[in-house]
Amino acid sequence: MSLVGYGAYVPYWRLTDTSIRAVLGSSGGKGTRAVAAFDEDATTMGVEAAREALATAPENFVPEALYFVTTSPAYIDKTNATAIHAALGLPQHVAAYDFGGASRSFCGVVDLVRASNQTAIVIASDMRTGLPGSADEATGGDGASCFLMGSPDDSVVEVVASTSVTDEFLDRWRVPGDDASAVWEDRFGESAYKPLGRAAFTDALKKAGVGVDDVDHLAVTGLHSRAVRAFKTWSGVRPESQAEDLTSRIGNSGTAAQGISLAHILDSAEPGEIIVTVALADGADATVMRVTERVASVRARRPRTVSRLVDGPHGQLSYGSFLTWRGRLNREPPRRPKPASPAAGPALRRKEWKYGLAASRCANCGTRHLPAARICIQCHASDHMLVERVADERATVATYTVDRLAYSPSPPLIAAMIDYDGGGRAGTEIADAGPDDIAIGTRVEMTFRRLYTAENGVHNYFWKARPIREANK
Amino acid sequence: MGSTGICDRVAIVGMGCTPFGEHWNKSADDLLIDSVTEACSSSGIDLKDVDAFWLGTMLSGFGGTTLSVPLKLPYKPVTRVENFCATGSESFRNACYAVASGAYDLVMATGVEKLKDSGYSGLAYANRPDDGTEEAISAPAVFSYLEPAYAEKYAVPRDVMKEVMTHIAWKNHQNGARNPRAQFQSDVSKQTICTAPLVAGSLGIFDCSGVSDGGAAAILCRAEDARKYTDRPLYVKGLALAAGSGVGVLSPSYDYTTFDEVTKSAADAYRQAGIRDPRSELAMAEVHDCFTPTEVVLMEDLGFAPRGEAWKEVLAGTFDLDGQLPVNPDGGLKSFGHPIGASGLRMLFECWLQLRGEAGARQIDTGRTRALTHNLGGRPGRCVSFVSVVGSRPD
């Protein structure tokens, strides 16, 4: 299978090293990182990236499987890909699997899908941080990327050659349950990656019959930033062909970084150009690709470019809020009862609503109901409804409030009644916004979020609305 | 088919109401015993002569035994009812119909709520298990939706809306200051009200009703028997209830400046009671001022002010204690407090006092003989609304 569509997601919030330094003193550099909001996790960001990717899908694209890769799963034992599957409204016969543990997993999954004859949605999503004051905290990033793998006839890039090399050595590790990774001495990892990266890169280029000067775009990713920098220099690829390094603006999003980087290249690459990706993680994976003519048509369907996600409107987060959102600051909770866990039965019965944001439209009079109703509120026709997904529709705020009393993991809770462009109204929470970002008439779009986590550990996933910050509302 | 009503067929012959407030030393049982005892003694009625009971409570107990056990009622019928914040009115309404049907001679409607045992300052309760998708926003927040919508529709500047809301809170606190049973019995300055910390939207703490404990009770009989118990009974003129289909939270056609449930229930009650112009015919009205914007909208829905004009009427003092139509002379939910199951009966208790000339410092001097209660439950766009009209004279 070949890459036939792609998408990326970078959350709205940013944390600067300066704001970390203001609290901790000496720590931090000069960069900025992207931060998943309190109501986001690897699963919700995966949904966002997949929605971006599916918007670019060829008309005949029918996924047979969904593969979700993360090192920061919202659940273990329970599959997280199923929530994404449901949020995308995929039919039951589409398989959904989690992969993860190690940040290298993404390369392996993409290789397997490429070698298979099964169309697939491959999502990588990660939330990366570390102990307060650590480099992982300051230079980590949250984000997601998604590849649609389909018929070679529709490919955006054709893979000319690839090489994977593997070695066992102690670079970084984390014991399950720990909330921060550990790393061996920096220089050790750098020297371990050096021969691996070279071996994979050299071999892949040789197999492809491509010289270093033929490389139009080189994207090197990996959690070992010294090794990544060193490899770029060593590769001999012309500076103008080195892909723009986004880590100083959004941080390093681990498993998602390679996909975001490739998406960024594809947002501007020309047909015939050679792209090489090198991922340094417990070995090295090098892939040589050639951009096809189809890149332009796929690009035309992209809702947002990576540049837009990286440099578009974003909210500045204080370090205190960051620590609170990541559970590293045990703050006084709102003096309200903690919300109850969603119950399994009701969540199953209404999964098309809860996950797929599907409404019903009366087949008799056309009135839309959110959530789906059996009896029409307008003409009272009974059980005469058509199911309609509204998740990808925009809406307008009819009225709104800033609720300083309700429980929220990050008060105040902002809520609104919103009217969908295709008809119908629903009450919703507003995401990625402060009290000044909302008014009657504000245009919003839907985003899949984790409203809260109940005391039994159950994550309550549902959709929120966020203000549209693009000029075209 | 039709809502024909029971005008002048049922009379209120006794009433009781506890002070509302933070009763740390009283249980729901105590509040029921206190209000029932007062209702009986108000007209010298022996509890054992009451044939059937209704109990309204939303959160303070299940089943008829919530009333029969503390009062040690021997095998009488007790029906527990619940209808959101209109629960107390629902208790009264069903008791009225039992008398009107001829099934019982003498019945009692009771209501109680013990809210202050939750450990939280606002209203806090658990819903049935669900899928977690219902907006988990607070009561002040859902009612605060009214304010920007009303301001937008009638082009009222937001700072003027705040003045309107402040006037309502100020007025209801003024009235409550003249009521020894109210939760809050002191005047509050407009300055204090409008600069109070925000709770939701533009609603400050003084724009919200008091969360309190309390109980209330009414004794009812057939109108022709009323004088056996009291020489000043109140007659039930109209009783209406409307439960909405929730169209407002589903349909963009709803604009958050009205409660359709209120206009429908008011029209029904007025028709039953033969009221054509409520503003000139009613002596007073007790309305569901859960939050100050609610009272603004209710003035229009109940026909006390033309559409888009209530805000001006509020500022002009039309609904003040000495205005053309005093609204919430007892202080309303705002300063009398809002123990949910008791509130509907508390509103009737003020009608009972005012129409019998027993309201003391806040007695309204009027020749009008009819009064209205309005009780709302739920949220704008999806609620239940109750309206009653009672009067001191049979028509």
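Computed quantities for the displayed model
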read-out: 0 to 90° range, to nearest 10: angle between helix B:260-273 axis and chain B longest Cα axis; value: 40 degrees
read-out: Over 21 Å (Cα to Cα) - which of B:K26/B:K76; B:K72/B:K237; B:K116/B:K334 fall in this group; value: B:K26/B:K76; B:K72/B:K237
read-out: Cα-based shape type of the range A:5-80, given that a ≥ b ≥ c are square roots of the gyration tensor eigenvalues and the cut on a/c is 1.5; value: prolate
read-out: Within the range A:386-409, backbone nitrogen closer than 14 Å to the virtual label 7 Å beyond the Cα of B:I205 toward Cβ; value: A:405
read-out: Positive minus negative residues near A:Y75 (Lys, Arg vs Asp, Glu; Cβ under 14 Å); value: -1
read-out: Value of D in µm² per second that Stokes-Einstein yields for chain B, Kirkwood Rh from Cα pairs, at 10 °C (1.306 mPa s); value: 77 µm²/s
read-out: DSSP bridge pairs, chain B: antiparallel proportion in percent, nearest 5; value: 70 percent
read-out: DSSP loop chymotrypsin sites (Phe, Trp or Tyr not before Pro) with at most 10 other Cβ within 10 Å: longest gap in chain B; value: B:76-395
read-out: Estimated inter-spin distance, A:A22 and A:A135, nm [label 7 Å along Cα→Cβ]; value: 2.6 nm
read-out: Total charge dipole magnitude, the range A:276-426, about the Cα centre, Cβ charges on Lys, Arg, Asp, Glu only, Debye to nearest 20; value: 260 debye
read-out: For peptides A:134-144, A:103-113, A:368-378, sequence by mean Cβ density within 10 Å, most packed first; value: A:134-144, A:103-113, A:368-378
read-out: Spatial separation of Cα centroids for the range B:226-257 and the range B:328-369, in angstrom; value: 17 Å
read-out: Spatial separation of Cα centroids for the range A:272-299 and the range A:185-241, in angstrom; value: 14 Å
read-out: Cα-Cα P(r), the range B:213-325, percent of pairs per 10 Å interval; value: 12, 35, 33, 16, 4, 0
read-out: Long-range Cα-Cα pairs in the range A:114-256 (distance over 23 Å), rounded percent; value: 47 percent
read-out: The range A:30-67: GluC sites (Glu not before Pro) in DSSP coil with no more than 11 other Cβ atoms inside 10 Å; value: A:E59
read-out: Simple spin-label estimate for A:E158 and B:D255 in nanometres, 7 Å along Cα-Cβ; value: 6.2 nm
read-out: Shielding by partners, peptide A:327-335 (average Cβ within 10 angstrom, other chains); value: 1
read-out: Cβ-based net charge around A:A219, under 12 Å, with every Lys or Arg adding one and every Asp or Glu removing one; value: -3
read-out: Computed Rg/Rh of the range A:209-340, alpha carbon atoms with Kirkwood Rh; value: 1.11
read-out: Charge tally in the Cβ shell below 13 Å around A:E388, where Lys, Arg are +1 and Asp, Glu are -1, A:E388 excluded; value: -1
read-out: Loop-located trypsin sites (Lys or Arg not before Pro) in the range B:15-88 whose Cβ has at most 15 other Cβ within 10 Å (DSSP); value: B:K72
read-out: Average projection area in nm² (convex hull over Cα atoms of the range B:169-263, one quarter of hull surface); value: 10.1 nm²
read-out: The range B:127-214: C-alpha gyration tensor shape, a/c 1.5 cut-off, then a/b vs b/c; value: oblate
read-out: Beta bridges by DSSP in the range A:153-286, antiparallel share as percent, to the nearest 5; value: 55 percent
read-out: Spherically averaged projected area in nm², based on the convex hull that wraps the Cα atoms of the protein assembly as shown; value: 38.9 nm²
read-out: Rg/Rh ratio calculated on Cα atoms of the range A:33-123 (Kirkwood radius); value: 0.95
read-out: Gain in span if fully extended, B:W24 to B:K72, counting 0.36 nm per residue against the direct Cα distance; value: 14.9 nm
read-out: Fraction of antiparallel bridges per DSSP, the range A:208-320 only, in percent to nearest 5; value: 50 percent
read-out: Inter-site label distance for B:D130 and B:F62 at 7 Å from Cα along Cβ, in nm; value: 1.9 nm
read-out: Coil-residue trypsin sites (Lys or Arg not before Pro) of the range A:1-70, DSSP, other Cβ within 10 Å capped at 12; value: A:K30
read-out: Prolate/oblate/rounded call for the range A:77-162, Cα gyration tensor, a/c under 1.5 rounded; value: oblate
read-out: Stokes-Einstein diffusion coefficient of the range A:1-45, Kirkwood radius over Cα pairs, 25 °C, 0.890 mPa s, in µm²/s; value: 190 µm²/s
read-out: Whole-Hz couplings from phi, Karplus 6.51/-1.76/1.60, listed for the range B:58-73; x for Gly and Pro; value: 8, 10, 9, x, 10, x, x, 5, 4, 9, 5, 6, x, 8, 6, 6
read-out: In degrees, nearest ten, helix B:158-176 long axis to first principal axis of chain B (Cα); value: 30 degrees
read-out: Fraction in percent of alpha-carbon pairs per bin - 10 Å, chain A; value: 4, 20, 30, 26, 14, 5, 1, 0
read-out: Other protein chain Cβ atoms within 10 Å, averaged over every residue that makes up B:245-254; value: 6
read-out: Acute angle (nearest 10 degrees) that the helix B:340-355 long axis makes with the longest principal axis of chain B, alpha-carbon atoms; value: 80 degrees
read-out: Rounded Å value of the spacing that divides the Cα centres of the range B:165-180 and the range A:320-391; value: 40 Å
read-out: For B:196-203, mean number of other protein chain Cβ atoms within 10 Å; value: 5
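FYI, it's all coordinate maths here, none of it is from the lab. Everything numeric in this text was worked out from a predicted model, so none of it was measured. Glycine also receives a Cβ, built like all others from the backbone with ideal geometry; neighbour counts cover every protein chain displayed.
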